[in-house]
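K.L.:
Below is a structure I'd like to ask you about.
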Amino acid sequence: MVSDKQQEILKAALRLFVESGFHGTPTSRIAKEAGVANGTLFHYYKTKDELIVALYSSIKGKLNERMHNGTQSELSFKENLKIIYANTLNWAAEHKEEFYFVQQFNTSPFLSLIAPEEISRQTKPHLEILESAVRQKIFKNLPVELMFVLLNNHIYGMSQYIHNIAPEDAQKKQLIDDSFDLLWRMLT
């Protein structure tokens, strides 16, 4: 359970890391923005690196939770994948700072601070979905790691595009539908 003070620290850290970068954000500034003493910040997070990793894990947990909302065993593989895809892009549109932070983190040296077991735990469900699609001959017989990278990059690109053009809901839904169809054709 995360305390109110920890929530304030994470919220301030997110805002400042997105605004000024990891190296441009001293912990003293995070503590000040969060309305806590430096010692309080370090009580919860022993180092700035630990704070960055905790923030990443918190955001990834929320995103992963949202991704599968609405999937159902009675739906087709394609329908469920489209739900996951749309949920991810909608979450990214609703949580711009968090999604940007994840992108920032994934291309930083801080990614190496995540234990390989944790990375495996986070990616395993996604890779299993792709492996299932290859086994069922729904997707091309390509390495699932390659498909995972293609999917992630597609989602990051679409997220940025949607953010830049700020479409109305109907246009955003159409963009998500059209881009999913392109992605589907690429993988099948």
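The values are calculated or read from the model by the stated rules, or taken from the named source; none is laboratory data. Being a predicted model, the structure only gives us computed values, none of them experimental. With ideal geometry, Cβ positions are generated from the backbone for all residues, glycine too; neighbour counts draw on all protein chains shown. In case anyone asks, the SASA skips ligands and DNA or RNA and just uses the protein heavy atoms, side chains included. Shrake-Rupley method; radii C 1.70, N 1.55, O 1.52, S 1.80 Å.
K.L.:
With charges set only on the Cβ (+1 for Lys and Arg, -1 for Asp and Glu), what does the dipole of the chain come to about its Cα centre, in debye to the nearest 20?
P.N.:
Approximately 200 debye in magnitude.
K.L.:
In square angstrom, rounded to the nearest 10, how much accessible surface does Lys78 have for a 1.4 Å probe?
P.N.:
So the heavy atoms of Lys78 present about 80 Å² to solvent.
K.L.:
Measure out, as a whole number of angstrom, how far apart the alpha-carbon centroids of segment 137-188 and segment 87-104 sit.
P.N.:
14 Å
K.L.:
Can you sort Lys5, Lys46 by 1.4 Å-probe accessible area, starting with the largest?
P.N.:
Lys46, Lys5
K.L.:
Using only the heavy atoms of the protein chains and a 1.4 Å probe, how would His43, His154 rank by accessible area, largest first?
P.N.:
My answer, sorted largest first, is His43, His154.
K.L.:
What is the distance, in nm, between label points placed 7 Å from the Cα along the Cα-to-Cβ direction at Glu117 and at Phe77?
P.N.:
Modelled inter-label distance: 3.2 nm.
K.L.:
Would you check the accessible area of Ser20, probe 1.4 Å, heavy atoms only, in square angstrom rounded to 10?
P.N.:
Only protein atoms counted, so the area is about 40 Å².
K.L.:
Here's another thing I want to ask about it. Cα-Cα over 25 Å: which of Lys5/Lys172; Lys60/Lys172; Lys60/Lys96; Lys62/Lys140; Lys48/Lys124; Lys11/Lys82?
P.N.:
In this structure, Lys5/Lys172; Lys62/Lys140; Lys48/Lys124; Lys11/Lys82 exceed 25 Å between Cα atoms.
K.L.:
Quick one: dipole size for segment 84-188, taken about the Cα centre, charges +1 on Lys/Arg Cβ and -1 on Asp/Glu Cβ, in debye to the nearest 20.
P.N.:
In debye, rounded to 20, segment 84-188 gives about 360.
K.L.:
How about segment 92-169: which GluC sites (Glu not before Pro) there are in a DSSP loop, with at most 16 other Cβ atoms within 10 Å of their Cβ?
P.N.:
For GluC sites (Glu not before Pro) across segment 92-169 that sit outside H, G, I, E and B with at most 16 neighbouring Cβ atoms in 10 Å, the list reads Glu168.
K.L.:
For the charge dipole of the chain, defined by +1 on Lys and Arg C-beta atoms and -1 on Asp and Glu C-beta atoms about the Cα centroid, which residue among Ser20, Ser179, Thr88 has the Cα displaced farthest towards the positive pole?
P.N.:
Ser20
K.L.:
Can you pull the accessible area of Arg15 for me, 1.4 Å probe, Å² to the nearest 10?
P.N.:
Here the residue's solvent-accessible area equals roughly 80 Å².
K.L.:
For Val149, Val18, give the ranking by accessible area with the largest first, probe 1.4 Å.
P.N.:
So, going from the largest accessible area down, we get Val149, Val18.
K.L.:
Also: Helix by helix, which DSSP H runs in the chain go 20 Å or more along their axis at the Cα atoms and have an average Kyte-Doolittle hydropathy of -0.5 or more?
P.N.:
Long hydrophobic helices here: 4-20, 48-67, 77-94, 144-165, 169-187.
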